[in-house]
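The values are calculated or read from the model by the stated rules, or taken from the named source; none is laboratory data. None of these values were measured; they are calculated from a predicted model. Virtual Cβ from ideal backbone geometry, glycine too; neighbours counted across all protein chains shown. Note: accessible area is taken over every heavy atom of the protein model, side chains too, but ligands, DNA and RNA are not part of it. Shrake-Rupley method; radii C 1.70, N 1.55, O 1.52, S 1.80 Å.
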Amino acid sequence: MPTQMMRGGLMAPMPTCSARYVFASRPAPRMGFVVRAEAMTSSSTRDKPDWTGNSPLSKVVNWAIDTPPLYNTMKFFAKLAMKNSAESRGVRWDGHVAELEKRKEIEVIKSEIENPALSYPNYYLKPFHAYETGNLEWLAAFEVQPATYAMGIRTFKDKVDWSGEQCFVELRSRITNAIKSYHARHGLPLPSRIADMGCSTGMSTTWLAEQFPDASITGLDLSPYFLAVAEWERRRRVAKSPSSKRTAPITYIHGLAEQSPFAEASLDLVNFNFVIHECPQAAIQSFVRESLRVLQPGGVLAFVDNNPKSTTIQNLPPVLFTLMKSTEPWSDEYYSFDLEAAMQDAGFREVITVETDHRHRCVMGIRP
């Protein structure tokens, strides 16, 4: 549990390192290959934002987050900011949640898909995204879609006439275009067996299914609440349009990405979409090792997430980066982690980073 920084009404001195977590410092970056997806994309010469890691600014932010009254206020405003972003482009946040709350069949699906024997790792049991129980509750699952649209809206906030869905499509298109281009550049066939690790409510899984229509796709996630919504959405789409049913249907599994159920050398693409910024370094290392195990030779590992070198992220106003960090308990570990080096050390070759937009990156490597 986070260290309490307010005792007996007195303010405790700030710790010499983050009171939230002890993390490894980022090693000197290796020379890597960075591809920019568009001419306007730019990256900083700094490896990570100043408000993360063990910097003085990061310690101040962590102290504020570890002070319960301040943290509770941050939580409220962080969620409000996301909600306002979504609703500014016509996304029905509360309406979407209300519609899903009426669907009692989703609870039945949860009981079907949940693995009661699964043991949750400690890192997953912390509060995430302003939810006290993190991803293990219905409200978190029901708010994924509008929150995802909000992320796209913030990325393309200059496109004032774009809807939330249009922003989502643009963001995802750039990601899959980067993956397809990487395959083409290295003479690799498009994947026919894909795992969407940390698939959430299946928005990324469904997108991958559309982009790779002939592939067998499995979404894996730790939250049975998220997976229940994903499976309900899949069944609803098929019922609404039977012709949309795939020859190889999407399947969802409740499980751990670091100890996945996939057989050795059974996959062509392992994809992590906006997962690892929510994980400690030890978990990310495990994801890399497990991906090496389940990919066949020539298979591709792709991590899509916030870009630590993004000038947009590095230059966020103090209010915004404090609010963002307050809902992401593993930010210090993520932004201090050299993902490219970890993939290279594990044995992946041709490791590159593609900047898909001014906030995000796709880091890819090939299993030898």
Computed magnitude of the charge dipole of region 132-180 (debye, nearest 20; Cβ of K, R +1, Cβ of D, E -1): 340 debye
Amide hydrogen neighbours beyond the local backbone of Ala265, cut-off 5 Å, H modeled: Val294, Leu295
Rounded Å value of the spacing that divides the Cα centres of region 82-120 and region 256-285: 23 Å
For region 55-72, 3J(HN,Hα) per residue [Karplus equation, 6.51 cos²θ - 1.76 cosθ + 1.60, θ = phi - 60°, Hz, x = Gly/Pro]: 6, x, 4, 4, 5, 5, 4, 5, 4, 5, 5, 7, 9, x, x, 5, 4, 4
Long-range amide H partners of Ile253 with built H, under 5 Å: Gly219, Leu220, Asp221
About the Cα centre, charge dipole magnitude for the chain (Lys/Arg +1, Asp/Glu -1 at Cβ), debye: 400 debye
In sequence order, calculated HN-Hα J values of region 254-262 (Karplus, 6.51, -1.76, 1.60; Hz; x Gly/Pro): 8, x, 8, 6, 7, 9, 6, x, 6
Within the accessible area of the chain (1.4 Å probe), percent carbon and sulfur: 56 percent
Dimensionless Rg/Rh of region 232-368 - Kirkwood Rh, Rg from C-alpha atoms: 1.03
Highest to lowest packing among 157-163, 313-319, scored as the average C-beta count within 10 Å: 313-319, 157-163
Selected from Ile113, Ile175, Ile276 as most flexible by GNM, with the chain as the system and alpha-carbon contacts under 10 Å: Ile113
Set of lysines with alpha-carbon distance to Lys126 below 23 Å, sequence-local pairs under 8 removed: Lys59, Lys75, Lys79, Lys83, Lys110, Lys325
In Hz, Karplus ³J(HN,Hα) per residue of region 136-152 (6.51, -1.76, 1.60; θ = phi - 60°; x = Gly, Pro): 9, 7, 5, 4, 4, 5, 6, 9, 4, 4, x, 5, 5, 4, 4, 4, x
Cut-off 19 Å, label 7 Å out along Cα→Cβ of Glu99, residues of region 187-216 by amide N: 201-207
Under 15 Å from Lys245, Cα to Cα: aspartates and glutamates that are on another chain or at least 8 residues apart: Glu210, Asp214, Glu231, Glu233
For the chain, accessible area per residue (1.4 Å probe, heavy atoms of protein chains only), Å²: 44 Å²
Computed helical MRE - 222 nm, the chain, DSSP H runs ≥ 4 contributing -39500 (n - 2.57), nearest 500: -12500 deg cm²/dmol
